[in-house]
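Colleague: Next up is a structure, given as C-alpha cells.
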Amino acid sequence: MDISRRGLLAVPLVIGAASSSSGEFGEEESAWSRVPEIRRRIRPPRFPGRVFPVTDFGAAGDGTTPCTEAFGKAVAACAAAGGGRVLVPPGTYLTGAIHLADNVELHVQTGATIAFSQDPADYLPVVATRYEGIELMNYSPFVYAYGRTNVAITGGGVLDGRADTAHWWNWSESTDKKLLAALADQGVPVAERVFGAGHQLRPNLIQFYRCRNVLIEGVTVRDSPMWNIHPVLCTNVTVREVTVDSPRGHNNDGCNPESCVDVLIQRCVFDTGDDCVAIKAGKNADGRRVNAPSLNILVDSCQMRDGNGGVTAGSETTGGVRWVFAWNCTMSSPNLERAIRIKTNPDRGGYVRDFYVRDVTVGQAADSVIEIALDYEGKNSGPYFPDVRDIDVRNLRAQRAPRAFYLIGNPGNPIRNVRVSNSVFTEMAEADIVRDVEGLRLRNVWINGVRTG
C-alpha cells in the first residue's frame, strides 16, 4: 500500500488490511545481496610478530608518571622495525596524544588503562582534523593517525578520555564553532583555520584520518571530550567487539564513520551521551569542497543503550551517505531517544539513499522508533535541499515508545520511498507524525494491535 502524506498527520497510520504487491518490496532483497561482497572486502590488517612493550621505553603504569614520550618512542621503534605490536601491559598509564604509524598495532591488555591527560597542552602541536564535519588544524585527537596504512587498537583494556564537566565538556557551547563555520563558508584554506591553544574546540578520543586498513577491536573507550571513535576518509575499517561507555557529556557519540568506504561495526556495545552510530559525510560548504561520501557501512549485531539515536545518518550529510545496512541489533533504554534516525536540513544538502534495516529489537525508546527529519535544527528551507530516499525497514519489533514514526520532509522537498514491512510496534502512546513524504509503503505493519498495511 502506497501512502503519500502532505501536511501533519495527527491520527495513527491505520489504512486497513490491504496488502501490497511483492514487487513494491522486491528492491530490499536485491539490495541485501550486496552485503556479502562488501563484507569480503573488509579485512582487518595483520601485523608482524614483533612486540614493543611501552614499559621498555620508560612508561610506568602507576597512574601518575607522564608516559607520552614513552608511547612516542615505542611507536617509532615499532615502525622503524617494519611494524608490530606496541604493548600496554596491566597498569594505568597517564599520557597525552598517541600518534600511530604504518603497520603499528596498539594493544591494550586486559587490566591496562590508558588514562589521557586533562591538560589541553598535551594535545599540541595542532594536527589536521575534522570538527563536526569541517576540516581545520586543532588539538590532536587522543589516539590519532593521518595517512597511515595498517593501524589498529586492540586488546581488552580501557582507553579513558577522563573528560568531565571541568575538563573538555565545559567547552561544548564555545563560540569557536561559529568561527570555524564562518571560515569554511568564506573558503579560508584549511592550513589557515588554526585553533588549538586559546580556543575551545574539543578533540575526539580516537580519530584515524585518510587511513587504509583500520582495526579497533576489544577495547573499552570511556568519557571522550566529544565523539569517541571517528574514522574520516578511511577505507576498509573494522570496529569489532568494542564497548563505548560514555553516557555523560555533550556530543559523546559512539562511532561516527565520516566520508568512509567499506566499514564494519560488529558486536559492539554503545552507551553514549549522543548517537550510538552516526554515519556522516562532511558539513555545508566544507562538505561540498571535499565532496566525499560514506559508502558501504555495515552495522551487525550491536547493542544500543543510552543515546540520541541507535543507528543514525547525519546531520552532516553533505558529501552523501549510501548503502547502509544494519541488522540483528538490540536497542533499549529510557534514555535512548530513537532507534533508527536520519537527520539533515537544507543547509547540509547531500543525500541519504539506500538505507536498509532488518531484524532489530527495540525494548524502549524515549521518542520515535523511526525518525527521518529534514528540518534538523529547525531549518526547513535553504539553498541545498537534501535528497533522502529509499529507506527500507523490515522485521523490527518495538515494545514501547511515544510513537512509531516521525517523518518530516521539507515543503517541496519530500522524503521519498520509505518502506516498512513485517514490523510490530506494541505500545505507542501518541499518534505518528508524517509530513511531506512521498511513497510511504507499509506491509504487514502492526501498531498497538491494529494492522496498518
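Colleague: So how do Lys177, Lys280 line up by other beta-carbon neighbours within 10 Å, fewest first? Please report the intermediate quantities before stating the final value.
Modeller: Details: Lys177 17, Lys280 29.
Least crowded to most crowded, the residues run Lys177, Lys280.
Colleague: Out of Thr64, Ala77, Ser33, whose Cα points farthest toward the positive end of the dipole of region 28-106 (charges: +1 Lys, Arg; -1 Asp, Glu; placed on Cβ)?
Modeller: Farthest along the dipole direction, towards plus: Ser33.
Colleague: Give me the mean projected area, in nm² to one decimal, of the convex hull enclosing the Cα positions of region 294-344. Intermediate results must be reported in sequence, preceding the final value.
Modeller: Numbers: hull surface 13.5 nm².
Here the figure is 3.4 nm², rounded to one decimal.
Colleague: What ranking of Met428, Met226, Met137 emerges when the number of other C-beta atoms within 10 Å of each C-beta is taken as an exposure proxy, fewest first? List each step's numbers first, then the result.
Modeller: Values: Met428 21, Met226 28, Met137 16.
The fewest-first ordering by Cβ neighbours comes to Met137, Met428, Met226.
Colleague: What is the Cα coordinate range of region 367-453 on the first, second and third principal axes, sorted by size from largest, in whole angstrom?
Modeller: Between the extreme Cα coordinates on each principal axis of region 367-453 lie 42, 22, 15 Å.
Colleague: Now a separate question. Please rank His250, His230, fewest neighbouring Cβ atoms within 10 Å first, as an exposure proxy. Intermediate results must be reported in sequence, preceding the final value.
Modeller: On the way: His250 17, His230 26.
Ordered from fewest to most neighbouring Cβ atoms within 10 Å, His250, His230 come out as His250, His230.
Colleague: Which whole-number percent of Cα pairs in region 34-252 have a distance greater than 25 Å?
Modeller: On the way: 8823 of 23871 pairs.
That fraction is 37 percent.
Colleague: What residues from region 81-123 fall in the zone where the backbone N is under 18 Å from a label point 7 Å along the Cα-to-C-beta line of Ala60?
Modeller: Under 18 Å, as judged by backbone N against the label point of Ala60, lie 89-96, 113-117 of region 81-123.
Colleague: Could you tell me the relative contact order of region 34-252? Use alpha-carbon pairs under 8 Å, at least six residues apart, and round to a whole percent. Let's see the in-between values first.
Modeller: Values: 572 pairs, mean separation 41.8, N = 219.
For region 34-252, the relative contact order is 19 percent.
Colleague: May I pose another question? Can you tell me how much longer the chain between Lys379 and Val51 gets when fully stretched, taken as 0.36 nm per residue apart minus their C-alpha distance, in nm with one decimal? Walk me through the intermediate numbers first.
Modeller: Working: separation 328, 0.36 × 328 = 118.08 nm, distance 5.26 nm.
Working it through step by step, the gained length comes to 112.8 nm.
Colleague: From the gyration tensor of the Cα coordinates in the chain, what semi-axes in whole Å does the equivalent ellipsoid have, largest first, with each one equal to sqrt(5λ)? Walk me through the numbers on the way to the answer.
Modeller: Values: eigenvalues 308, 105, 75 Å².
That gives 39, 23, 19 Å for the three semi-axes.
Colleague: Let me ask something else. Length gain on complete extension for the stretch Ala77 to Thr426, per 0.36 nm per residue less the alpha carbon to alpha carbon distance?
Modeller: Numbers: separation 349, 0.36 × 349 = 125.64 nm, distance 5.77 nm.
Gain on extension, Ala77 to Thr426, equals 119.9 nm.
Colleague: Pop the C-beta distance of Leu124 and Ala182 into the FRET formula with R0 = 30 Å and round what comes out to the nearest 0.05.
Modeller: Numbers: r = 24 Å, r/R0 = 0.78.
The computed FRET efficiency comes out at 0.80.
Colleague: Going by the alpha-carbon gyration tensor, a ≥ b ≥ c the square roots of its eigenvalues, is region 70-143 rounded (a/c under 1.5) or, if a/c is not under 1.5, prolate (a/b greater than b/c) versus oblate? Write down the numbers at each step before the final one.
Modeller: Numbers: a/c = 2.15, a/b = 1.38, b/c = 1.55.
Because a/c hits 1.5 or more and a/b fails to exceed b/c, region 70-143 counts as oblate.
Colleague: Also, quick follow-up: Can you give the extra length, in nm with one decimal, that the chain gains between Thr165 and Ala191 once fully stretched, where that is 0.36 nm per residue apart less the Cα-Cα distance?
Modeller: In short, 6.3 nm is gained.
Colleague: I'd like the FRET efficiency for Thr175 and Ser33, computed as 1/(1 + (r/R0)^6) with the beta carbon distance as r and R0 of 45 Å, rounded to 0.05.
Modeller: Working: r = 49 Å, r/R0 = 1.08.
Efficiency, from the Cβ-Cβ distance: 0.40.
Colleague: Report, in whole Å, the centroid distance computed from the Cα atoms of region 271-327 and region 110-185.
Modeller: When both Cα centres are located, 19 Å separates them.
Read-outs throughout are calculated quantities, based only on the coordinates presented, and are distinct from any laboratory measurement. This one's a predicted model, so the numbers in the text were calculated from it and none came from an experiment. Glycine also receives a Cβ, built like all others from the backbone with ideal geometry; neighbour counts cover every protein chain displayed.
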